[in-house]
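What follows is a single structure, written as structure tokens, with notes after it.
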Amino acid sequence: MTTLLLAFSVFLAAQPEVDQVRELDLSAWVSLAYQNSPAITSADASLFSSEASHTGSKSFLWPTLNLSAGASRMWSSSSLPTGEILDTESNSFSTGLSLSQELLQSGGQNWLYMEASEFSVRAAEADHRNDILNVTMDVINAYYGVLEAVELQKAAEVAHERSMNQLERTEALYEIGATTTLQLLQVQVQESSDKLAVTRKAQSLFTAYSNLYNSSGMTRGVDDLQIDPDAVIEPLPLESVERISLDYSDNPSIIGAAFRARASELQSTAARRSYWPSLRASAGWNWSDNTLDDVDRMFDNDGFNAGVSLSWNVFDGFLRESRVKTARASFLISEASLETMENNVSTSVESLSNSLKIDIQYYADSQLMLEQAQEQYRLSMMSYDMGALSLTDLLTAQADLSQAEANLVSARVSALKTEASLLIQLGRMPRVGE
């Protein structure tokens, strides 16, 4: 019977969980953000709006065709000399078709506005790409924030486990009088501090996952997703970082600002064309009659017209001057924005490149410091067991080991975040998986 129960327990333990948590790598989280993030939806809408405006700016290339038709009935009463009232009724039917084509609007102003609209669409495309990169960066920061929280929690749990082992040993020694009360209190304080650190790291992990869900456009509690720590990439070696080109010409923010500056320049030129005349051609057909009964003569009362009209706004109360100056000011502002953007990106790229090299070096140093702390803790344990080292020095070595483990985690995450930020500033897609 016991053997049967044991076999049944093993069978149940081997069954897969129904609600198993899915672990996703960074590329999967980025894909989820592309599908669900409100920022991506907003970026798509902005691009669609810009394309729609460009379609409207090309409408002058096509003629305008209008069809009109009408029917009316009229009643009237008049007094005759005999004193009688004469009532009359009449019908009126009409229809018409008009065609008009703008040949030249204010010296070609519409052509300049159409070209400016094309640059505005290209600027919107650059902004759309920039929004995608920003969402990607948000997910990367949140993902690595979760990774750091997970690894720090593991390090805190390991440190707490060391503290509990040390507390058990110290309590056993205290019972036989081999340690003092002060030493026992020191170990108890260390264990309590490490236990509190585990609780804090758990809370930090919860917050980090909330940020990751928000940046991915997901709802926590509905979707049970986690990161896959085993699929995280390693920081680049220093030699690879040295080979990264710092050409930021592909930065979408700079590209968008350059296109907007060009569009503003064309709009400023178009505004000055408002002093020129406009030329329009038109043609039409119209018909009117008081009956629809006689089909044979129905279209005898029709007519055709065609013509060319020239209009010139000589004076409009200085409205044109205001528009010209406003367009010129917009152009100057867009040029200043482009220059500011280039300076900011240039400074940011240089700073991130230097920071990445420092982070890579610090990551390598953290690995060495962890090895040193591990060896120091091992030797301290041996010395303490032989009575050649005080408990205070042992606890110091233990705390140094815990700090070295945490520093390695933070150094790794910092290097990965800085690398992604640098590639984003260069207008490139960062690494989201091998």
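The values are calculated or read from the model by the stated rules, or taken from the named source; none is laboratory data. Keep in mind that this is a model prediction, so the values were computed, not measured. Cβ atoms come from the backbone with ideal geometry, glycine included; neighbour counts cover every protein chain shown. Areas reflect the complete protein model, heavy atoms only, side chains present, ligands, DNA and RNA absent. Shrake-Rupley method; radii C 1.70, N 1.55, O 1.52, S 1.80 Å.
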Relative packing of 386-392, 248-254, which averages over residues the other C-beta atoms within 10 Å, highest first | 248-254, 386-392
Taking springs between alpha-carbon atoms closer than 10 angstrom, which of Ser72, Ser163, Ser383 fluctuates most in the Gaussian network model of the chain?
-> Ser72
Using +1 on the beta carbon of Lys and Arg, -1 on that of Asp and Glu, and nothing else charged, what's the dipole of the chain about the Cα centre, debye to 20?
-> 1200
What percentage of the solvent-accessible surface of the chain, computed with a 1.4 Å probe over protein heavy atoms, is contributed by carbon and sulfur atoms?
-> 56
What does the convex hull of the Cα atoms come to per residue for segment 131-198, in Å³?
-> 57
Solvent-accessible area per residue, Å², over the chain with all protein chains present [probe radius 1.4 Å] | 59
Hey, can you grab everything whose amide H is under 5 Å from the amide H of Ile227? Only 5+ residues off in sequence or another chain; H modelled, so Pro and N-termini drop out.
-> Leu24
Can you list the lysines whose alpha carbon sits under 18 Å from that of Lys357, skipping same-chain ones fewer than 8 residues off?
-> Lys417
If you take the charge dipole of segment 94-176 about its Cα centre, with +1 on Lys and Arg Cβ and -1 on Asp and Glu Cβ, which of His128, Ala116, Gln105 is farthest toward its positive end?
-> Gln105
Once whole DSSP H runs in the chain are found, which of them have Cα atoms spread over 24 Å or more along the helix axis and a mean Kyte-Doolittle score of at least -1.0?
-> 38-57, 109-175, 181-215, 252-272, 319-385, 391-425
The chain: calculated mean residue ellipticity at 222 nm from DSSP helix runs of at least 4, using -39500 (n - 2.57) = -23000 deg cm²/dmol
How large is the Kirkwood hydrodynamic radius of segment 22-124, in angstrom, based on all distinct alpha carbon pairs?
-> 20.4
Normalised by the residues of segment 209-312, what does the relative contact order come to in percent, with Cα pairs under 8 Å and at least six apart?
-> 21
By the scheme Lys and Arg +1, Asp and Glu -1, what is the net charge of all other residues having a beta-carbon under 15 Å from that of Arg243?
-> -1
Residue-wise, which Karplus ³J(HN,Hα) couplings in Hz belong to segment 283-290, taking 6.51 cos²θ - 1.76 cosθ + 1.60, θ = phi - 60°, and x for glycine or proline?
-> 8, x, 9, 9, 8, 8, 7, 9
Can you pull the one-decimal nm distance between simple spin-label points at Lys357 and Leu99, each 7 Å off the Cα toward Cβ?
-> 7.0
First select every other residue whose beta carbon is under 14 angstrom from the beta carbon of Ala208; then total the charges, Lys and Arg +1, Asp and Glu -1.
-> +2
Inverse of mean 1/r across different Cα pairs in segment 185-289, Kirkwood, Å = 22.8
Which of the peptides 174-187, 29-42 is most tightly packed, and how do the rest follow, judged by the mean count of other Cβ atoms within 10 Å per residue?
-> 29-42, 174-187
Give me the lysines in straight-line cross-link reach of Lys201: C-alpha distance below 16 Å, same-chain residues under 8 apart excluded.
-> Lys154
Å³ per residue enclosed by the Cα convex hull of the chain = 397
Of Ser264, Ser337, Ser76, the one that fluctuates the most in a GNM where the chain has Cα springs shorter than 10 Å | Ser76
For segment 285-434, would you read off the P(r) tail past 22 Å as a percentage of all alpha carbon pairs?
-> 73
Largest-first principal axis extents of the Cα set of segment 67-125 (Å) = 80, 26, 17
Among 357-363, 88-94, 139-145, 304-310, what's the highest-first ranking by average C-beta atoms within 10 angstrom per residue?
-> 139-145, 357-363, 88-94, 304-310
Would you mind computing, in nm to one decimal, how far apart the modelled labels at Gln203 and Ala329 are, each placed 7 Å from Cα along Cα→Cβ?
-> 5.2
